[in-house]
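Enquirer: Have a look at this one.
The values are calculated or read from the model by the stated rules, or taken from the named source; none is laboratory data. Just so we're clear, the structure is a prediction, and the values are computed from it rather than from any experiment. FYI the Cβ positions are ideal-geometry reconstructions off the backbone, even for glycines, and counts take in every protein chain you see. We work out accessible area using only protein heavy atoms, side chains counted, and drop any ligands, DNA or RNA first. Shrake-Rupley method; radii C 1.70, N 1.55, O 1.52, S 1.80 Å.
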Amino acid sequence: MFYSQFGEDKILYEIISKKSKNGFYVDVGCFHPKKYSNTYMLYKRGWRGVNIDMEKDKIETFYIARPNDFNFLGAVSDKIEKVKIFRNQKFGVSSTLNKNMINKEN
């Protein structure tokens, strides 16, 4: 079974040997531990890694579903500063730090 939104994990499934059980991943903008996840299939194979998201509710879900991963709350940037998150729905896939990227109609 595959979980990613556009089949990325299916591609990984094809190119990474099933014997590779001690791998490591970094998932930036991880969103959800299973839904649309590019790394859940790897997690099920025994891999562990780092999940990064800038929304607290999303990272809290990872703490529950993937307690053996390192789950980091933060935005990836070359600056250290507080930021404001913009989103058009709670627990959606379109959160951004750029106010102009949110379309209220969609």
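Enquirer: Across the stretch 49-60, what is the number of residues that are surrounded by fewer than 16 Cβ atoms within 10 Å (Cβ to Cβ) and part of a strand (DSSP E or B)?
Expert: So the answer is 1.
A quick yes/no check of all residues on (1) surrounded by 12 or more Cβ atoms within 10 Å (Cβ to Cβ); (2) modelled with pLDDT of 90 or more:
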{"residue": "Pro67", "(1), (2)": "no, yes"}
{"residue": "Lys84", "(1), (2)": "no, no"}
{"residue": "Phe91", "(1), (2)": "yes, no"}
{"residue": "Ser95", "(1), (2)": "yes, no"}
{"residue": "Ile102", "(1), (2)": "yes, no"}
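Enquirer: Do we have any residue at all in the stretch 71-94 that's assigned to a helix (DSSP H, G or I) and either free of Cβ contacts under 8 Å to residues at least 24 places away in the same chain or out of contact with any Cys (no Cβ under 9 Å at 6 or more places or on another chain) (or both)?
Expert: Looking through the stretch 71-94, none of the residues is assigned to a helix (DSSP H, G or I) and either free of Cβ contacts under 8 Å to residues at least 24 places away in the same chain or out of contact with any Cys (no Cβ under 9 Å at 6 or more places or on another chain) (or both).
Enquirer: If you don't mind, there's one more thing I want to ask. Looking at the stretch 31-43, I want the residues that are open to solvent by 30 Å² or more (accessible area, probe 1.4 Å) and have a partner that is among the aliphatic types (A, V, I, L, M) with Cβ atoms under 8 Å, at least 6 apart or on another chain. Which pairs are those?
Expert: Lys34/Ala65; Tyr36/Val93; Asn38/Leu12
Enquirer: Sticking with this structure for a sec: Of everything in the stretch 15-30 that's of a type outside the set (A, V, I, L, M, F, W, C) and open to solvent by 20 Å² or more (accessible area, probe 1.4 Å), which residue is nearest to Met54 (Cα to Cα)?
Expert: Step by step, filter the stretch 15-30, then rank; the result is Gly29.
Let's see how each residue does on (1) open to solvent by less than 90 Å² (accessible area, probe 1.4 Å); (2) modelled with pLDDT under 75:
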residue: Ile64; (1), (2): no, no
residue: Leu73; (1), (2): yes, no
residue: Val76; (1), (2): no, no
residue: Ile80; (1), (2): no, no
residue: Arg87; (1), (2): no, no
residue: Asn106; (1), (2): no, yes
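Enquirer: Tell me which residues, restricted to the stretch 3-53, are farther than 22 Å from Phe72 by Cβ and under 15 Å from the mean Cα position of the chain (by Cα).
Expert: Answer for the stretch 3-53, where residues must be farther than 22 Å from Phe72 by Cβ and under 15 Å from the mean Cα position of the chain (by Cα): Phe6, Gly7.
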